[in-house]
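Remarks on the structure that follows.
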Amino acid sequence: MTQTLKKESFELDSINDYYNNFYKSQNKLKPIILNYLFRNISFLTIREKVRVITTSENKRISEALNIPVKLVHKFISEFLIGLLNFRKFINNNPKVLHARDQNQIINIILHRFYRLAPVFDYKRAKENARRLKDKLDTLFFWPQLMTQLTIVIFITDLIAKSEPQKIIQSNLRALCSCSAYAFHRTRNKIGLTSKFIKSLSE
């Protein structure tokens, strides 16, 4: 009787270990898949709408990364659903973006973006957000919060030496719900000079 219980307990532990390792290894694939998506395939339409990734695009990612297409579809679908839900939340709760403590809100949403799509250096982005705020203050120029977040992630990705292929701009704007006009206006206003970019990478 004791031997039977020990055997069943051992088998249960083995099953639990298998599933724990299986799901942990799957979660390691999420940033790899999304990183490739963000840098190689645009998921924003001409009309600035988030679109579904096609079967052929899922297969392309699967072949490029040597990851089963079912997992590619799973993580990308989860990301797109999460993105649409977040955008819906922001649209229904616009007061969130106008909270008194803007620094705190920026850090909260930046963290949310990183959990949704871990395709940028989160620690570096937090520091860049602080430095960007200082620059905006000196210019007496304060664009909308989502535009600031777009610029922060854009700059963070721009100076990332580990990523020679940069995030597609439309994907970044889709993540942050930022229009092309607002992005380029802010980018031109702050002047992304080599000196400023160098100061951020130090």
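Using the structure shown, decide if Arg47 is of a type in the set (D, E, K, R), over 14 Å from the mean Cα position of the chain (by Cα) and more than 18 Å from Ala180 (Cα to Cα).
Working: of a type in the set (D, E, K, R): yes; over 14 Å from the mean Cα position of the chain (by Cα): yes; more than 18 Å from Ala180 (Cα to Cα): no.
No: the conditions fail for Arg47.
Can you tell me how many residues in the stretch 135-174 are acidic (Asp, Glu), in a helix (DSSP H, G or I) and within 20 Å of Ser42 (Cβ to Cβ)? Walk me through it before giving the result.
Kept after step one, since they are acidic (Asp, Glu), are these residues of the stretch 135-174: 137, 157, 163.
Imposing the further condition that a residue be in a helix (DSSP H, G or I) reduces the set to 137, 157.
Remaining after also requiring within 20 Å of Ser42 (Cβ to Cβ): 157.
Here the count works out to 1.
Anything in the stretch 161-174 that is surrounded by 16 or more Cβ atoms within 10 Å (Cβ to Cβ) and of a type in the set (Gly, Ala, Ser)? List them, or say none.
Selection gives Ser170, Ala174.
Rundown of residues vs (1) without any contact (Cβ under 8 Å) to a residue 60 or more places away in the chain; (2) surrounded by fewer than 18 Cβ atoms within 10 Å (Cβ to Cβ); (3) of a type in the set (A, V, I, L, M), yes/no style:
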{"residue": "Arg100", "(1), (2), (3)": "yes, yes, no"}
{"residue": "Lys123", "(1), (2), (3)": "yes, yes, no"}
{"residue": "Lys133", "(1), (2), (3)": "yes, yes, no"}
{"residue": "Leu136", "(1), (2), (3)": "yes, yes, yes"}
{"residue": "Met146", "(1), (2), (3)": "yes, no, yes"}
{"residue": "Leu149", "(1), (2), (3)": "yes, no, yes"}
{"residue": "Ile153", "(1), (2), (3)": "yes, no, yes"}
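Identify, please: which residue in the stretch 62-76 is in contact (Cβ under 8 Å) with a residue 12 or more places away in the chain and part of a helix (DSSP H, G or I) and is, among those, surrounded by the fewest Cβ atoms within 10 Å (Cβ to Cβ)? Talk me through it step by step, then tell me what you get.
Going residue by residue through the stretch 62-76, those that are in contact (Cβ under 8 Å) with a residue 12 or more places away in the chain are 64-65, 67, 71-73, 75-76.
Narrowing further to those that are part of a helix (DSSP H, G or I): 64-65, 71-73, 75-76.
On the way: Ala64: 11, Leu65: 15, Leu71: 17, Val72: 25, His73: 18, Phe75: 21, Ile76: 22.
The residue in question is Ala64.
Which members of the stretch 93-145 meet the condition of being over 22 Å from Phe38 (Cα atoms) and of a type in the set (A, V, I, L, M)?
Val96, Leu97, Ala99, Ile105, Leu132, Leu136, Leu139, listed by residue number.
How about the stretch 69-96: which of its residues are among the basic types (Lys, Arg) and within 26 Å of Lys59 (Cα to Cα)? Even if it seems obvious, please write down each step before you answer.
Residues of the stretch 69-96 among the basic types (Lys, Arg): 70, 74, 87-88, 95.
Those that are among the basic types (Lys, Arg) and within 26 Å of Lys59 (Cα to Cα): Lys70, Lys74.
What is the one condition in (1) modelled with pLDDT under 90; (2) in contact with a helix residue (DSSP H, G or I) (Cβ under 7 Å, 6 or more places away or on another chain); (3) not in a helix (DSSP H, G or I) that Leu97 does not satisfy?
Against the list (1) modelled with pLDDT under 90; (2) in contact with a helix residue (DSSP H, G or I) (Cβ under 7 Å, 6 or more places away or on another chain); (3) not in a helix (DSSP H, G or I), Leu97 comes up short only on (3).
Consider the stretch 31-61. How many of its residues are touching a Leu at 6+ places or on another chain (Cβ under 8 Å) and without any contact (Cβ under 8 Å) to a residue 60 or more places away in the chain? Outline the logic, then answer.
Kept after step one, since they are touching a Leu at 6+ places or on another chain (Cβ under 8 Å), are these residues of the stretch 31-61: 32-33, 36, 38, 43, 50-53, 61.
Filter again for without any contact (Cβ under 8 Å) to a residue 60 or more places away in the chain, leaving 32-33, 36, 51-53, 61.
Number satisfying all stated conditions: 7.
Restricting attention to the stretch 162-190, report how many residues are touching a residue at least 60 places away in the same chain (Cβ under 8 Å) and within 14 Å of the chain's Cα centre (by Cα).
11
The values are calculated or read from the model by the stated rules, or taken from the named source; none is laboratory data. Computed from a predicted structure; not experimentally measured. Because the Cβ atoms are built from the backbone with ideal geometry, glycine has one as well, and the counts that use them run over all protein chains shown.
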